Each structure stands twice: as structure tokens, then as C-alpha cells.
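Before any comments, here is the structure.
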Amino acid sequence: DDGYRLWLKYDQLPEAGLRKEWQAQTNSIRIDQNVGPTLQTAAHELQLGLQGLLGRPVPVGAAPGGKGHLRLRVAPDAALGQEGYRISYQNGGLEITGSTETAVLYGCFALLRQVQTGQRPAGLRLSSQPRIRYRLLNHWDNPNGTVERGYAGSSIWKWQELPEVLDPRYQDYARANASIGLNGVVLNNVNASARYLTPEYLRKVAAVAGVLRPYGQRVYLSVLWAAPKVIGGLKTSDPLEPQVQAWWKARTDEIYKTIPDFGGFLVKANSEGEPGPQDYSRTHADGANMLARALGQHDGIVMWRAFVYKAGSGDRFRQAYEEFQPLDGQFADKVLVQVKNGPIDFQAREPFHPLFGAMPRTPLVLEVQLTQEYLGFATHAVYLGPLIKECLEADTHRQGPGSTVAKVVDGTLEKHSLSGIAGVANIGSDRNWTGHPVGQANWYAFGRLAWDHTLRSEDLAREWTRMTLTREPAAVAAILPLLNQSRAIYVRYTTPLGLHHIMGQSLHYGPEPWLSQSARPDWTSVYYHKADAQGLGFDRTATGSDALALYAPGARHLWANPATCPPDYLLWFHHVGWGQPLSTGRTLWDELTTRYYSGTDSVRWMQQQWELAKPALDPQLYADVAARLRVQHREAQWWRDACVLYFQEFARRPLPPTLTPPARPLAEIKELVDIYQLR
Ligand code: BDP
């Protein structure tokens, strides 16, 4: 098994009885005549799946149908909204209904999931609708085929070959996205090239859009703020200049002529050297609103990213908040502000971003990163369900207890009709799409949570495992704890107790806590961990940067007191003495080192769990993950030894007696980083 089929494996169900039960309900698929391409796609996908799973032909024919026939029907239903579906028995036959063809398509994949995970058809009654309106993957793919922070091969978009050649992968990609409830794709990197807006490229983009459309996937583009200068021949890209406004309006109209269901723009502006409205002393709102006006009557949105931090302007933690919060209420109706889950940058664990709940008049898109830039690339097995859920369930306390990030993002807390969530894709041209097979679980869980953030991370891990790896109970029982604990384990052997941003420079791989020189101070490690003879951690209380003050009192309260702050967040907010006893009963030093060691040992445990599942796994897939786990263990030791020895230079304490000191000196480990960084 090369992993290409993802979770959409339609191998015959092993249980003959179960097959029979489903066969009795799926003699044929019935659709009305003259339906559109999406319903035809839905019928085709269902046919494909059922034929494989049930091991016999399932013809598609004209409705009505009746007993034993499965009907797909589009019928406006206010209770289901535009995208929700219902699966139920009507007149003795199963029926999948929704207000739109796309809704029925989602319903078809939901039905297939029922069959794939071994549910019985008797009494089946299921309805579901998405809680978030825009559910997007963000590709950081470049025109030359590279992927920024991509670890699964090159880009799946082959721009040279487009529009004539349509790689079959585009359709399989669209199918995968639709099957988990996503509805849109930003095709290109936020560090954007202007060329996507040229007529030459728009033809290519339109060709991709044509493949994705029947699967309910709309296409969006990241835009370069300076495009009017770079490709438009203008001298400025000042958003208040009429010629700039006219240029964007004309470009946008052109896009909609080529792609009538174009989704809109994603913008990274005045961030990490990208141009933006501030180059002309204008605000982010001036820029975003200008683009919203260019969209005019077209059905599209602007997603304006809040990932900004200027060198030398204090604690990086505070900066996005300070720039964006005062703009609340100034953004036009079609604008959503896109905020990363945490205030720094996709670290293995971050407190939720203080902007959530603090901009009640602006819909905020939650951005999470599926590509594991800071989580071991495609080498380390890290299931991200728990990370995404941790953020969604975090309580901002902005409108009293229960004001979770999820409620901010889905729009219910502040009564927004627009809502969005974005996952930075971990997909590339590797045969199995994501490099590490467990990366597929992250794509899967993200899509399912984007549809319904109340789903449990553990349940999604189970679904994915059973659809993708095996349904053999003992193997599933071995794999699930591995997945569910993998993120916590990764945190322990890399950045326990709230350490953050101590990874290798630029590449963001491996440990480099000693990094003290860089182009900007907030790209070093010492800026974040602040180790000294007294202790460790970033004081973000009133005696330090006071970033804690950005949170509502209820949320602040959780972290404000070092004695009661949950250990997982401790060093995010406090500089703690090495000998300080923690709530765990150990001193900071002992707890820190114990976590580095236990995290590393846990990778051994992950290996053992994987071994237990071996008899039920495809040999190729088993071997691939087993080998990656061996690397992961070696690199966990790398992290452990690097961090323990480095911090020991400050703490000047021995390891707790139960721990065996690293066998190699720090100098040797530092060389490793240089080898990896290719400096
Ligand atoms: C950082 C990445 C960088 C991205 C940036 C962003 O290192 O490559 O361009 O985020 O999100 O984490 O804009």
C-alpha cells in the first residue's frame, strides 16, 4: 500500500454479513435527471465507494427508486443550511438530501464513512451541517514548484503544464478535501508572487478551479500587495490612490470573468518583509477595505493575516494584538482577519492568541499549521488533533466563562455571519501526499474539525485509523494511544513546561537553544527562554513584558500566578528559579530534565505500540512508519541531550539520580546542528 488512496480506501469489507446488510440498502443509486456536475460527481463517488466496499456493481439510475435503492435528492431545507446533509429512510429506501448539490456530496462521503467504519445500515439517521462557513486549506506553494515549509515533495500544482495538462492528482485532491468537509483552497504561498494575477496564470488557475469545482472546492489566491507596481506598471500600491483602486477592481473583474466562483484573496502584508499599506502610512484596514471594494458585488472575501511583528518593538507576543486590536470595527463587511492559533508562531504548544475575543466587531479566521514546520517535519509522528482542539476549547473569557476560541471562530459568540478556519497544508507530490503517513491524519482531523469543532480528537484518530490503517481491534487499540499522546510526547522532548522557539535557526529543525545571534533578536532562542543563573522562562507578567494583560481577566488569572499556572504554560509567562518547587512536587530543574527524559523514552513506547500493530498492517506502510520512528527516537535524544546539557550550564545542578547523564558533550551536539543547517 503506497498510501495514495488516503482514508478513501474502498477495499471490500471483510464481514460478509455486514456487506449483505448494506447491499440490501444499495441496490442502485437514484438521482433526478438533468442534475448538475456536483450531483453527478456525488453519485459517481458513492458508486465507486460502495462497489469497492461491498464487492458488487451498484448502478446509477433515474429516480425515484424505492425500497433497497439509495436516493440522492436536492431539496431546499432551511434547517440544514447551504451545506448540511441528512441521511434517512424515506419510503423504505435510504435517502441523502441537502439544499444544494454540494451538501448532498458531503452526505455521500458521510455515508461512505459509515460503511467504511463498519456501522450497520439499520435505523440509520444522520444529519450534520458545518459550524464554520469558510473551511480552507492554505497552500504555501510557489510557482516554481517548491513549497515553503513543505516536507512532502514538491507542489502538487504543475504550473508549467497547466492549463492543458490536468494531473489526475488534482481530482483526487479535491475528492479528499470534499470527503472531510472542506470547501476551498488557497492555491499559493502567502509570500506571494504577483504572477498569479496575470492573464497567463489566471488561465491556469481557472483550469485547476474547473477540476475542483464539482467537488465543492472554491479556489482562492494569495496576493502580493505590491502587484500593481510589479505587474501593473504603476508607481505605487497605496490603497488610497484611485489608480491603485482601479487596477485591483479591473484585475478582480477579470478574475471573475475567468473563474465565476472565485473565493477571494488572502493577504500577508507588512509582515516579515512583505510589502503592505503601511509602506504608504496606511493601515491594515485601509488595505483590506480597498480589496473588499474591488470585490464589490462578487461573492468573494478578503482574508487579511494578522501575523505581524516588527524587529525591536518589544515582546513579539504583543505585537499582532497591538497593531490589530485598535482596528476592530474598521474593517469592511467582506473582510476577515486571519489569526494564527498562538501569538508567536506555530510552536508545539502555545497559549491561544490574545486577539481571539478581543476584536468582537471583526470575524476572525483561525489559522493552524498542518505542515510540521516546528514539529519535526515529516519525520516525527505528531497527531495534531489535540493541538487544534486545545486552541478551539481555550476560554477567552471575553464575554464571561465559556467564551471559547471555537465560539469566536464560528461566529456564534459575536454574531458574525462570516466565519473561517484555515489549515496550512502538509501536502506535496510524495506518493502518499504527506510524507509521514501520520500527516494524513492531520489533514483528516483538520477537515473534520473545520466542519464540526465539537468532534473529539480521539474519535477522529479512531475514524482515520480504521479507514486508513486497519480495523483489527487489537491493532487499533495499540495505534490510538500512540496517536493521541504523540503531540504531548513531542512537547516533552523538545519544549517542555512552556519553552518555545528554541529550534534550529531558519530551517526550524532540531534544537538550538544556544542561538544568540541572528538578523533580529526575536529570531534567536535566548530571546525566548531567558536562561540565566537564577532560572528560566519569559516573564510576561507586570514585572516583565506584561503580555498577560492582553487577555481578559478570567484567562489571565489562569496563568498569572506561577504557583498555580499549569506547568505546561509556566515558562511562557514566568521566569522561574531553578530550585523553585513546582506543583508537580519537583523543582523546576528536576521537572524540566525529567520531562526531557520521559519524552524521549516515550518515543520508545511509541515504537513498541507500532510493533504491536504490525500483524494487522500493510508491510510497506508498517516499515515506513517503523523507520521514521527510529529517526524520531534518535532525534528525541538529540533534543534531550542538547537542552539538558545547555540549560545545565545555567542551572549548575546535577541531574536527578534516576536519570543517566548524556554520554556526549554539548560541543559534539552543537556540531550536529551545523550539519543539519548546512551552514
Ligand atoms: C513562519 C514561517 C514562514 C512563513 C510565516 C508566515 O517560517 O516561512 O512565511 O510563518 O506564516 O512560521 O507568514
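In table form, for the structure just shown:
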| item | result |
| --- | --- |
| Neighbourhood charge, 10 Å Cβ-Cβ cut-off, centred on Pro228 and excluding it, Lys, Arg +1 and Asp, Glu -1 | +1 |
| The chain: DSSP helices with Cα axial extent of at least 15 Å and average Kyte-Doolittle hydropathy no lower than 0.5 | 101-116, 199-212, 473-494 |
| Selection of trypsin sites (Lys or Arg not before Pro), region 389-421, meeting DSSP coil and at most 11 other Cβ within 10 Å | Lys415 |
| Order of Ser545, Ser419 under a 10 Å beta carbon neighbour criterion, fewest first | Ser545, Ser419 |
| Where N is the number of residues in region 160-270, Cα Rg divided by 2.2 N^0.38 Å | 1.12 |
| Rounded to whole Å, sorted largest first: equivalent-ellipsoid semi-axes of the chain, Cα gyration tensor | 41, 33, 23 |
| Aspartates and glutamates whose Cα lies under 13 Å from that of Lys204, excluding same-chain neighbours fewer than 8 positions away | Glu161, Glu164, Asp167 |
| Percent of beta bridges antiparallel (DSSP, region 298-419, rounded to nearest 5) | 10 percent |
| Low-density loop positions, trypsin sites (Lys or Arg not before Pro), region 64-159 - DSSP coil, at most 13 other Cβ in 10 Å | Lys67, Arg125 |
| Glu367 long-range amide H proximity, modeled H, under 5 Å | Val339, Lys340, Asn341, Ala422 |
| Positive minus negative residues near His44 (Lys, Arg vs Asp, Glu; Cβ under 14 Å) | -1 |
| Cβ-based exposure ranking for His501, His529, in which fewest neighbours within 10 Å come first | His501, His529 |
| Label-point gap, in nm, between Ala79 and Ser281 - each point 7 angstrom along Cα→Cβ | 5.9 nm |
| Simple Cβ-charge dipole of region 16-128, Lys/Arg +1 and Asp/Glu -1, about Cα centre, in debye nearest 20 | 460 debye |
| Residue order, fewest to most surrounding Cβ atoms within 10 angstrom, among Val625, Val302 | Val625, Val302 |
| Dimensionless Rg over Rh [region 16-128; C-alpha; Kirkwood] | 0.93 |
| Fraction of beta bridges assigned by DSSP in the chain that are antiparallel (%, nearest 5) | 25 percent |
| Candidate lysines - alpha carbon under 24 Å from Lys614, same-chain residues fewer than 8 apart omitted | Lys9 |
| Per-residue HN-Hα couplings for region 129-136 [Karplus 6.51, -1.76, 1.60; θ = phi - 60°; Hz; x = Gly/Pro] | 9, x, 8, 10, 7, 9, 10, 10 |
| 5 angstrom amide H check on Leu6, placed H, neighbours 5+ away | none |
| Relative contact order computed over the chain (Cα-Cα under 8 Å; 6+ residues apart), in percent | 11 percent |
| Placed amide H near Gln90: partners under 5 Å, 5+ positions off or other chain | Glu95 |
| Residue-span extension gain [Ala663 to Thr146] - 0.36 nm each, minus C-alpha spacing | 182.2 nm |
| Distance (nanometres) between label positions extended 7 Å along Cα→Cβ at Arg203 and Thr236 | 3.5 nm |
| Region 464-618: proportion of alpha-carbon pairs further apart than 26 angstrom, % | 41 percent |
| Full-extension gain in nm, Lys9 to Leu166, via 0.36 nm per residue minus C-alpha separation | 54.2 nm |
| For Arg203, net neighbour charge (Lys/Arg +1, Asp/Glu -1) across residues whose Cβ lies under 15 Å away | +1 |
| Semi-axes of the equivalent ellipsoid for region 134-468, Cα gyration tensor, largest first, Å | 28, 26, 18 |
| Over the chain: helical MRE at 222 nm, DSSP H runs n ≥ 4 each giving -39500 (n - 2.57), nearest 500 | -12500 deg cm²/dmol |
| Beta bridge orientation in region 134-468: antiparallel %, DSSP, nearest 5 | 5 percent |
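Each reported figure results from applying straightforward, stated rules to the coordinates on display, with no laboratory input. Quick caveat, the model's predicted, so the values are computed rather than measured. Please note: Cβ atoms are built from the backbone with ideal geometry, for glycine as well, and neighbour counts cover all protein chains shown.
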